[in-house]
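Here's the structure, in structure tokens; my notes come after.
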Amino acid sequence: MNYDKKIDEMGEDLMSLTKLTYYMEEFPYLVFYPGGKKNKSIRSINNKVRKESIHRIHTMVEESVQHITQEDVTALQAFLGLQGASVLPLLISKEGDLYLGGLVKPELFLFKTFSNEHGVPIHQEYVFETKINTLSNDKLEPLIQSLINQCIFCAKLAKYSRENWIAYLENRFQSHSLVTFAQSKKEEVQAVEKMNKSNLLSQLKYPEDIAFWRHRVEIVMRPFRSIPMDWLWSSGSTCNHQKDLIVHSEKRVMELHCDICDYQVFFYYEEDALQLNEEFDLEKVRKRVNTIERQFNEIVEKNDSLLDKLKRIRSIQLTLKPFQYKWKSVCDLLEQINKIPKQTGDIPFSPFVEIFTQLNKITIPNHEDESYLLWFSQIELPNVHVLKTIDNWEQLLNQDIGRLLTEYEKQLEEYLEQNKISRQEEFMKVNNHSLYWGEVEQMLQLIHDYAGLYPAHVITQVLIGKTSNKIRTEELHHTSQFGVLDQWLEKDAMKALKALEKEGWLQKLSKGFALTDKSIPFVEKAV
């Protein structure tokens, strides 16, 4: 592993822990820490506890140390910042007793810093809640031996920082055999998933073959679906979320966990092996991916009619490509027409509107790849209905497309000119009041600026120019829309707002009104 822990980080960890240590000459193999956040230091240890529980623990630790290497002892002491011969930490309560049994898992100290003003804060998952004096030697001795081994394991991990380990495990995940295979077959795997949901499947003949293929997809894709997409297809090593590094010292396992993805991988330190949440037989996975692609290609090969239709659509697209610039001009005019506040007469019609609109939503790349699976997965078809309109579209291509589009463009320009509305033009009548377009724009602007802030009756008072304590306090009488309907009664101004709501220009809120998609462009224009 080529990661180096930052010296300042390691120094901070040891310094904060060392200041909390407490040694006793009669127990050289033990080190004591104040247990609990409110326990700032150890003043003394209960004599009865020293003679009974601590003496037993020390005797067993002394025996265990004889069977571990000096290298492990040195690493363990470096991990906890210990002096002398001490190797095993015990927690002491304020009263001088063993804190919840005193024995703790070494994960409690790993990658942690501790405040000099407090003792060691306790997390229940790290504590053995047991009374030492109730345990027989046969039960206590293996527990002490296991704890020492766990401390040695954590000492090895502590040589590197938490961030280094996370980066290392992320890289190991990226080099896992299933992940590397998935990356090498990314196009095929994603193509299978896409085609499994594609509307093109409904157009293929032999539905029993399709049903069988989709059944096999569920089996073939299970290994890839077992890994979150943010992990499997990320541009980096794994997902971009913050992750937890969980150490299971008893099992010599490190767990890299993402809470957002609800996914984890496991690194077995002694075996130097990273395992996924669920492992699969890679050879079977390889064969199944190849088989599922071959089966799909065989199905498509038996569907000459569909293949012909797709190629014809592609040909139509190529034929109309030189006229896209003219179609853009038509689209701009149609967009302007759709924004006209008030339209009279029918909008001019052209069959080219449908064909260009539909074709521009369709993507059919050249079939250069020999795999139909990959080709079909790149096809974008908004709906399968277009496959039934190909004959009609091809007939349109026999006409003078350029001339027809130019004529249609002129018809739209004329319609737009005829339907232009000025600010002085009457937009609607409310109780014999003429509401002009310029006034409507002002009303929309007022709603835009104060949407949801004031109830409808306050809005109408602003429009008719009626002052009140509320309006003066909120300084609404300084708005440019104040008094825009100064000749109207308040009840008529309210009817005007409701008329605009009925026509789709406003939407009612729990307090006042808001603009709709229909009215927003005119406010932006008014601004």
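For region 180-258, give me every one of the helices (runs of 4 or more DSSP H) that falls completely inside it and has 2 or more residues that are among the hydrophobic types (A, V, I, L, M, F, W, C), more than 20 Å from the chain's Cα centre (by Cα) and within 23 Å of GLU283 (Cα to Cα).
Output list reads 186-196, 207-220.
Kindly evaluate VAL127 against the criterion of being within 22 Å of VAL49 (Cβ to Cβ), within 39 Å of the chain's Cα centre (by Cα) and buried (at least 20 other Cβ atoms within 10 Å of the Cβ).
Against the criterion (within 22 Å of VAL49 (Cβ to Cβ), within 39 Å of the chain's Cα centre (by Cα) and buried (at least 20 other Cβ atoms within 10 Å of the Cβ)), VAL127 does not qualify.
Looking at the structure I just gave you, is LEU103 open to solvent by less than 10 Å² (accessible area, probe 1.4 Å) and touching a Gly at 6+ places or on another chain (Cβ under 6 Å)?
no
Return the total of residues in region 77-94 being within 20 Å of THR134 (Cα to Cα) and either in a loop (DSSP other than H, G, I, E, B) or not assigned by the TED database to the domain that holds ILE122 (or both).
1
What number of residues within region 414-442 satisfy the criterion of being surrounded by 15 or more Cβ atoms within 10 Å (Cβ to Cβ) and not aliphatic (A, V, I, L, M)?
10
Per-residue answers, yes or no, for (1) among the acidic types (Asp, Glu); (2) under 30 Å from LYS251 (Cβ atoms); (3) touching a Pro at 6+ places or on another chain (Cβ under 7 Å):
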{"residue": "TYR160", "(1), (2), (3)": "no, yes, no"}
{"residue": "ASN171", "(1), (2), (3)": "no, yes, no"}
{"residue": "LEU178", "(1), (2), (3)": "no, yes, yes"}
{"residue": "GLU188", "(1), (2), (3)": "yes, no, no"}
{"residue": "LYS194", "(1), (2), (3)": "no, no, no"}
{"residue": "LYS197", "(1), (2), (3)": "no, no, no"}
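Can you give me the number of residues within region 397-428 that are part of a helix (DSSP H, G or I) and at pLDDT 90 or above?
Adding up the residues that qualify gives 15.
Testing HIS118 on (1) more than 26 Å from SER235 (Cα to Cα); (2) open to solvent by less than 50 Å² (accessible area, probe 1.4 Å), one condition comes back false. Which one is that?
Result: HIS118 fails condition (2) only.
Starting from region 46-59, keep only residues that are loosely packed, with under 15 Cβ neighbours inside 10 Å, then list their pairs with residues that are in a helix (DSSP H, G or I) whose Cβ atoms are within a distance under 9 Å, requiring at least 6 positions of separation or different chains.
What qualifies is GLU52/ILE132; GLU52/ASN133.
Determine which single condition LYS361 fails, assuming it passes every other condition in (1) in contact with a strand residue (DSSP E or B) (Cβ under 9 Å, 6 or more places away or on another chain); (2) in contact (Cβ under 8 Å) with a residue 24 or more places away in the chain.
Every listed condition holds for LYS361 apart from (2).
Do the conditions hold for LEU169, that is, is it within 26 Å of GLU71 (Cβ to Cβ), open to solvent by 20 Å² or more (accessible area, probe 1.4 Å) and in contact (Cβ under 8 Å) with a residue 40 or more places away in the chain?
The answer is no for LEU169.
Could you tell me whether ILE260 is of a type in the set (A, V, I, L, M), out of contact with any strand residue (DSSP E or B) (no Cβ under 8 Å at 6 or more places or on another chain) and either open to solvent by 70 Å² or more (accessible area, probe 1.4 Å) or assigned by the TED database to the domain that holds ALA155 (or both)?
The answer is yes for ILE260.
Contact list please: Cβ distance under 7 Å, first residue in region 228-249 and closer than 29 Å to TYR126 by Cα, second residue surrounded by 14 or more Cβ atoms within 10 Å (Cβ to Cβ) and basic (Lys, Arg), pairs at least six apart or on different chains.
Listed by first residue and then by second, the contacts come to LEU245/ARG162; SER249/LYS105.
Out of region 276-317, which residues are in a loop (DSSP other than H, G, I, E, B) and within 20 Å of LYS388 (Cα to Cα)?
LYS302, ASN303
Only one of these conditions is not met by GLN507: (1) of a type outside the set (A, V, I, L, M, F, W, C); (2) assigned to a helix (DSSP H, G or I); (3) at pLDDT 90 or above; (4) open to solvent by 20 Å² or more (accessible area, probe 1.4 Å). Which number is it?
If we test GLN507 against (1) of a type outside the set (A, V, I, L, M, F, W, C); (2) assigned to a helix (DSSP H, G or I); (3) at pLDDT 90 or above; (4) open to solvent by 20 Å² or more (accessible area, probe 1.4 Å), just (2) comes out false.
Spot the failing condition for GLU293; the list is (1) closer than 30 Å to TYR126 by Cα; (2) of a type in the set (Asp, Glu); (3) surrounded by 12 or more Cβ atoms within 10 Å (Cβ to Cβ), and only one is missed.
Result: GLU293 passes all but (1).
The values are calculated or read from the model by the stated rules, or taken from the named source; none is laboratory data. Note that the structure is a prediction, hence the values are computed from the model and not measured. Here Cβ is always computed from backbone atoms with ideal geometry, including for glycine, and neighbour counts include all displayed protein chains. Note: accessible area is taken over every heavy atom of the protein model, side chains too, but ligands, DNA and RNA are not part of it. Shrake-Rupley method; radii C 1.70, N 1.55, O 1.52, S 1.80 Å.
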